[in-house]
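Read the structure below first, then the notes.
The values are calculated or read from the model by the stated rules, or taken from the named source; none is laboratory data. Please read these numbers as outputs of a predicted model, since none were measured by experiment. All Cβ positions, even for glycine, are placed from backbone atoms using ideal geometry, and neighbour counts span all protein chains on display.
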Amino acid sequence: MAQDKPFGWGIMGTGAIAGLFAADLDLLPQARIVAAHSRSLEKAQSFVARFDGAKAYDDEAAFLADPAIEAVYIATPNHLHAAQALKAIAAGKPVLIEKPIALASADVEAISQAAGKRGVFAMEALWSRFLPAVHRAREQISAGRIGAIRRIRADLSYLHPEGPGSRFYDPALGGGAAFDLGVYPVSLTLHLLGEPEAVRGNWFAAGTGVDRRSSFRLDYPTAVAELSCGFDRNGANRLLIEGEAGGLILKAPFLKVQRLSWYADADKAVAAYDRGPGSLARLLDRLPQSGRLSESFAFPGNGLQFQAQAVMAAVRAGKSACAQMPLGESAAVLRIIEAVRAGPAGAA
């Protein structure tokens, strides 16, 4: 990407994830924030105060008409994502939409159709796909380092007690474990294996009706993925890939992975994964082990800069989609969640 002209970002939303994204844009010399939108002008003004020349808006149409904005990052509550993405596309603005891109697969199809018709770039901000460690893992797996994948296992769980006003449990805001956490292991599995032949799973309801915990089984011709997520506990938050000739563990938290452990023997990878996150596991992980090789991919910031780089390069190249995170797979992730949620909730 050319370095001579800074790339102008406009951010919709001024909450926590918007702040993390803005902080990571500071790591990219070619990026700058030129505008922010909030329903509260005061919040927008506070958000842009540290960015020279950035404008604050409380009017969506005026924000989307700002010629300095080359791409919009949507970082609002989940239930607003799809409608705001369609407005950005209609205004001719390339758009990066925070996960989940929408609350229904049909809405992703609408975004895809609108973007295609308008010739405008659109992508879900499933940032984990763009991390250096994930890129390395996919590259090496494709090269046959652990043989054909036969099983993927992952759990992503963070304790969030149910309480009044919690966005995690509010159905009106698109709450629930699958939307907040489940999209990560499901999307990474599709990144490695494509869409499954069959989907099974179960979910357990919170008091508000959203899922407190969900599990997914994705069946492929020669592989299976066993994935779960939840707000009911703090999990090990690692991802295991078993191959015919070895194994790989994406270290915790795998959604922000910075370390990979390769195993020449898949059974040893399984044993290491099954040891869980306790002190013994941490001790064994630090000790040298025959047949295991660890690689580090440390990076500054929160890891959101890599997806931003991909968007900027694609937009400047005149592309309307990103092969690394196609809208078709964003829709497929939501279809998998919908298939599981279509069944009755299980007993806690």
Residue satisfying condition, being of a type outside the set (A, V, I, L, M), crowded, with 18+ Cβ neighbours inside 10 Å and within 25 Å of Cys322 (Cα to Cα), within set His81, His135, His160
His81
Condition first: part of a helix (DSSP H, G or I), buried (at least 19 other Cβ atoms within 10 Å of the Cβ) and of a type outside the set (A, V, I, L, M, F, W, C). Now tell me which residues in the stretch 113-130 satisfy that.
Ser128, Arg129
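Does Val186 count as within 24 Å of Ser142 (Cα to Cα), crowded, with 22+ Cβ neighbours inside 10 Å and of a type in the set (Val, Ile, Thr)?
Here the answer is yes, as Val186 does meet what is asked.
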Please specify each residue of the stretch 316-330 satisfying the condition of being surrounded by fewer than 21 Cβ atoms within 10 Å (Cβ to Cβ) and outside any loop (DSSP other than H, G, I, E, B).
Arg316, Gly328, Glu329
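Here is a yes/no grid of residues against (1) within 24 Å of Gly303 (Cα to Cα); (2) not assigned by TED's automatic domain parsing to the domain that holds Arg238:
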{"site": "Pro77", "(1), (2)": "yes, yes"}
{"site": "His81", "(1), (2)": "yes, yes"}
{"site": "Lys87", "(1), (2)": "no, yes"}
{"site": "Ala91", "(1), (2)": "no, yes"}
{"site": "Asp107", "(1), (2)": "no, yes"}
{"site": "Gly116", "(1), (2)": "no, yes"}
{"site": "Glu139", "(1), (2)": "yes, no"}
{"site": "Arg150", "(1), (2)": "no, no"}
Can you find, within the stretch 212-262, the residue that is nearest to the chain's Cα centre (by Cα) among those that are of a type in the set (Ser, Thr, Tyr) and under 17 Å from Ser157 (Cα atoms)?
Ser228
Per the filter on the stretch 2-27, residues buried (at least 22 other Cβ atoms within 10 Å of the Cβ) and among the β-branched types (Val, Ile, Thr) are Ile11, Thr14
When you check Phe299 against the structure, is it farther than 30 Å from Thr222 by Cβ, at pLDDT 95 or above and assigned to a loop (DSSP other than H, G, I, E, B), yes or no?
yes
Quick one: in the stretch 127-155, of everything that is more than 22 Å from Ala271 (Cα to Cα) and polar (S, T, N, Q), which residue is farthest from the chain's Cα centre (by Cα)?
Ser142
Just one listed residue, out of Leu248, Leu239, is under 13 Å from Trp262 (Cα atoms) and touching a Pro at 6+ places or on another chain (Cβ under 8 Å), and it is Leu239
Could you list, in sequence order, all residues of the stretch 181-211 that are more than 30 Å from Ala323 (Cβ to Cβ) and within 21 Å of the chain's Cα centre (by Cα)?
Trp203, Val210, Asp211
Residue pairs meeting the criteria (Cβ under 8 Å; at least 6 apart or on separate chains; first under 10 Å from Thr14 (Cα atoms) and hydroxyl-bearing (Ser, Thr, Tyr), in the stretch 33-47; second surrounded by fewer than 17 Cβ atoms within 10 Å (Cβ to Cβ) and at pLDDT 95 or above)
Ser38/Asp58; Ser40/Asp58
Which one of these is in contact (Cβ under 8 Å) with a residue 60 or more places away in the chain, among the basic types (Lys, Arg) and within 30 Å of Lys117 (Cα to Cα): Lys93, Lys55?
Lys93
Across the stretch 22-55, what is the total count of residues that are hydrophobic (A, V, I, L, M, F, W, C) and either touching a Pro at 6+ places or on another chain (Cβ under 8 Å) or within 14 Å of Met312 (Cα to Cα) (or both)?
5
Please work out if Gly201 is out of contact with any Phe, Trp or Tyr (no Cβ under 8 Å at 6 or more places or on another chain) and at positive phi.
no
Assess whether Glu98 counts as being surrounded by fewer than 16 Cβ atoms within 10 Å (Cβ to Cβ), among the charged types (D, E, K, R) and out of contact with any Pro (no Cβ under 7 Å at 6 or more places or on another chain).
no
From the list Ala339, Ala323, Ala331, pick out the single residue that is small (Gly, Ala, Ser), within 22 Å of the chain's Cα centre (by Cα) and closer than 28 Å to Ala16 by Cβ.
Ala331
When the stretch 101-112 is examined, which residues are found to be touching a strand residue (DSSP E or B) at 6+ places or on another chain (Cβ under 8 Å) and either surrounded by fewer than 24 Cβ atoms within 10 Å (Cβ to Cβ) or at positive phi (or both)?
Ser112
